[in-house]
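Engineer: Below are the C-alpha cells for one structure; questions will follow.
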C-alpha cells in the first residue's frame, strides 16, 4: 500500500466549456456525455520531466533562422512559471510556436495571402531557471483571418506548451498582447470565463525592454497547485 | 447564403500583475501545432529495439464519424515493471525497464486520424488500498476545436481479472469499461477514441476530469 503525495486541485472558473458554439470547430469535437472523475493516483501525480535535454542551441531566439534575421518588431517575452500555490516551477520545458510578423504560419494548412518570411520558422523552446523564470526573443506575431465567422480575425498570440511536474499539470495555452483591438470578436479568447481572460494577456514591460534592440513583454503562467488544505502543512512534506 | 455574423463580446480590462494569481486557462493547440510540437523521437516512449516494444495505434473520430487528421496524442504510463522515474513516486526514483524507456510519447495523427505510439506494456500499479490499478496508459487528446485536452485511458484486453478490480474501471458501467480496452493486433494494440455521441448508450469514449 502506498502513501501518495498531495493531489492537485481542480481549478474552477478558469477553463472554457468544451462546447462553445461561437467557435465552430468545437461542435463535432466535444464529448456529449458527462466527464468521469479520475482520482489522482500514481499515473496522474507523476509526469514527464523535460528540461535542457529537449532544447537545442539558439532555440530561445526565434529571430534568427535559415541564415538571416526575421522581419518585424523584435520582442523579449519573459515571465515566471508558478504552480497554484505560488511556488516557482524550476527547470521545466516551454515550447512556443507562432505566426510571423505578417500573421502567416509556416504550415501547409495556412494559405492566406500574407508573405512567408524566409528567416522566420516560428518555433522556440526554453527552460525555466531555478526560480521558475523563462525568457525568449521573437518578433511580435501579426493578426490573421480565419473562417470561423464573417470577417473573423485572431488577435495576435503566441502558443505555449508546458508540462509542469505531473500529468495533471499539463497546459497548452495562448499568450495575447495588451489592448489588442481584435479581442471583442474572438471566440477562442472569449470562451474562457470573463474573470480569467486577463491571465492570458501579457503586459508591456518597459524594464524588460532592451535599449536599441527589443521591446519587452511579461507573461507569468500558473499551473495547477496542490490542495489548499495540504499546502498549509507543506513544511511537513519536505522529507 | 450568408456567413455566420461576428460575435461581439464585452472586453474586460484586467492585469495579472495587479490582481490575485489564478491558474492560467487552457487554449486550443489550433491547426498549426505541427510547427512547434513534433519531436523526431516523439512517438517513442520506448526506444527502437527495446525488449517488449509494442505499437499502440490510436485513432480519433469526431461526432460526424470522420477521422480527426490534425489530432495530437500524448501518452504517459508506468514502465514494464509498474515504476516511474519521478520524485513524487513514494516508492522512490528508479532506472526504468527496459533501458531508455521514457514513459511519455507525443504523436501526430495521419490522414486516417491514427497516431502511433511505440512503447512497452506497463506493469500494474499499487494504490492506497489493497487493490491494484490494472496496466493502463493515460492518453491526452489535443486538437483544433478542443479548448482543453481530452483525457482518457487505454487498457489491455488480456487483463480481464485485473480489470474486474481496477478502481477506475470499477467506477464505470460494463459498457463504458469495454470502450477503454484496446484490441490486440500484430505488433501491438489498436484502439479507437470516439470524441462524441449524443446517445448515452452510443460509441462515445469515456473521458475523465482530473
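Engineer: State the number of residues belonging to the stretch A:75-99 that are in a loop (DSSP other than H, G, I, E, B), in contact with a strand residue (DSSP E or B) (Cβ under 7 Å, 6 or more places away or on another chain) and at pLDDT 95 or above. Break it down stepwise before answering.
Structural biologist: Restricting attention to the stretch A:75-99, the residues satisfying the condition of being in a loop (DSSP other than H, G, I, E, B) are A:84-87, A:89-92, A:99.
Now narrow it down to the ones that are in contact with a strand residue (DSSP E or B) (Cβ under 7 Å, 6 or more places away or on another chain): A:84-85, A:89, A:91-92, A:99.
Of the ones still in play, those that are also at pLDDT 95 or above are A:89, A:91-92, A:99.
Number satisfying all stated conditions: 4.
Engineer: So which of A:38, A:45, A:62 is without any contact (Cβ under 8 Å) to a residue 60 or more places away in the chain and either touching a helix residue (DSSP H, G or I) at 6+ places or on another chain (Cβ under 8 Å) or crowded, with 20+ Cβ neighbours inside 10 Å (or both)?
Structural biologist: Just one listed residue meets the conditions, A:38.
Engineer: Another question, then. Determine if the stretch B:76-88 includes at least one residue that is assigned to a loop (DSSP other than H, G, I, E, B) and touching a helix residue (DSSP H, G or I) at 6+ places or on another chain (Cβ under 6 Å).
Structural biologist: So the first thing to find is which residues in the stretch B:76-88 are assigned to a loop (DSSP other than H, G, I, E, B), and the list is B:77-88.
Those still in the list that are touching a helix residue (DSSP H, G or I) at 6+ places or on another chain (Cβ under 6 Å) too: B:88.
The answer is yes; a qualifying residue exists.
Engineer: May I ask you to say which residue of A:170, A:197 is within 9 Å of another protein chain (Cβ to nearest Cβ), within 29 Å of residue A:106 (Cα to Cα) and modelled with pLDDT under 95?
Structural biologist: A:197
Engineer: Now a separate question. So which of B:65, B:53, B:83 ends up being more than 8 Å from chain A (Cβ to nearest Cβ), at positive phi and at pLDDT 95 or above?
Structural biologist: Answer to the selection: B:65.
Engineer: If you don't mind, another one. With farther than 30 Å from residue A:16 by Cβ and either at pLDDT below 95 or more than 8 Å from chain A (Cβ to nearest Cβ) (or both) as the only criterion, which of B:46, B:78, B:105 stands out?
Structural biologist: Result of the check over B:46, B:78, B:105: B:46.
Engineer: Does residue A:89 fit the bill of being surrounded by 15 or more Cβ atoms within 10 Å (Cβ to Cβ) and more than 7 Å from chain B (Cβ to nearest Cβ)?
Structural biologist: yes
Engineer: Please count how many residues of the stretch B:146-158 are under 19 Å from the mean Cα position of the chain (by Cα) and more than 14 Å from chain A (Cβ to nearest Cβ).
Structural biologist: 2
Engineer: Continuing with the same structure: In this structure, does residue A:43 turn out to be at the interface with chain B (Cβ under 8 Å from one of its Cβ atoms), at pLDDT 95 or above, part of a helix (DSSP H, G or I) and touching a strand residue (DSSP E or B) at 6+ places or on another chain (Cβ under 7 Å)?
Structural biologist: Values: at the interface with chain B (Cβ under 8 Å from one of its Cβ atoms): yes; at pLDDT 95 or above: yes; part of a helix (DSSP H, G or I): yes; touching a strand residue (DSSP E or B) at 6+ places or on another chain (Cβ under 7 Å): yes.
In short, yes.
Engineer: Among the residues of the stretch B:168-180, are any in contact with a strand residue (DSSP E or B) (Cβ under 9 Å, 6 or more places away or on another chain), within 11 Å of chain A (Cβ to nearest Cβ), buried (at least 17 other Cβ atoms within 10 Å of the Cβ) and closer than 18 Å to residue A:166 by Cβ?
Structural biologist: Scanning the stretch B:168-180 turns up at least one residue that is in contact with a strand residue (DSSP E or B) (Cβ under 9 Å, 6 or more places away or on another chain), within 11 Å of chain A (Cβ to nearest Cβ), buried (at least 17 other Cβ atoms within 10 Å of the Cβ) and closer than 18 Å to residue A:166 by Cβ.
Engineer: If you go through the stretch A:108-140, how many residues are away from chain B (no Cβ under 13 Å) and touching a helix residue (DSSP H, G or I) at 6+ places or on another chain (Cβ under 9 Å)?
Structural biologist: Number satisfying all stated conditions: 2.
Engineer: Sticking with this one: Here are A:103, A:109, A:56: which of them is touching a residue at least 60 places away in the same chain (Cβ under 8 Å) and part of a loop (DSSP other than H, G, I, E, B)? Steps first, answer last, please.
Structural biologist: Numbers: A:103 fails: touching a residue at least 60 places away in the same chain (Cβ under 8 Å); A:109 fails: touching a residue at least 60 places away in the same chain (Cβ under 8 Å).
That would be A:56, the only listed residue that is touching a residue at least 60 places away in the same chain (Cβ under 8 Å) and part of a loop (DSSP other than H, G, I, E, B).
Engineer: Moving on. Could you tell me which residue of the stretch A:120-145 is nearest to residue A:50 (Cα to Cα), considering only residues that are over 19 Å from the mean Cα position of the chain (by Cα) and surrounded by fewer than 18 Cβ atoms within 10 Å (Cβ to Cβ)?
Structural biologist: A:130
Engineer: When residues of the stretch B:57-68 are filtered for being out of contact with any helix residue (DSSP H, G or I) (no Cβ under 7 Å at 6 or more places or on another chain) and within 13 Å of residue B:195 (Cα to Cα), how many remain? Write out each step before concluding.
Structural biologist: Step one: of the stretch B:57-68, the residues out of contact with any helix residue (DSSP H, G or I) (no Cβ under 7 Å at 6 or more places or on another chain) are B:57-61, B:65-68.
Filter again for within 13 Å of residue B:195 (Cα to Cα), leaving B:58-61, B:65-68.
The total comes to 8.
The values are calculated or read from the model by the stated rules, or taken from the named source; none is laboratory data. Only a predicted model underlies this, so the values are computations on that prediction, with no experimental measurement involved. Positions of Cβ are backbone-derived with ideal geometry, glycine not excepted, and every protein chain shown enters the neighbour counts.
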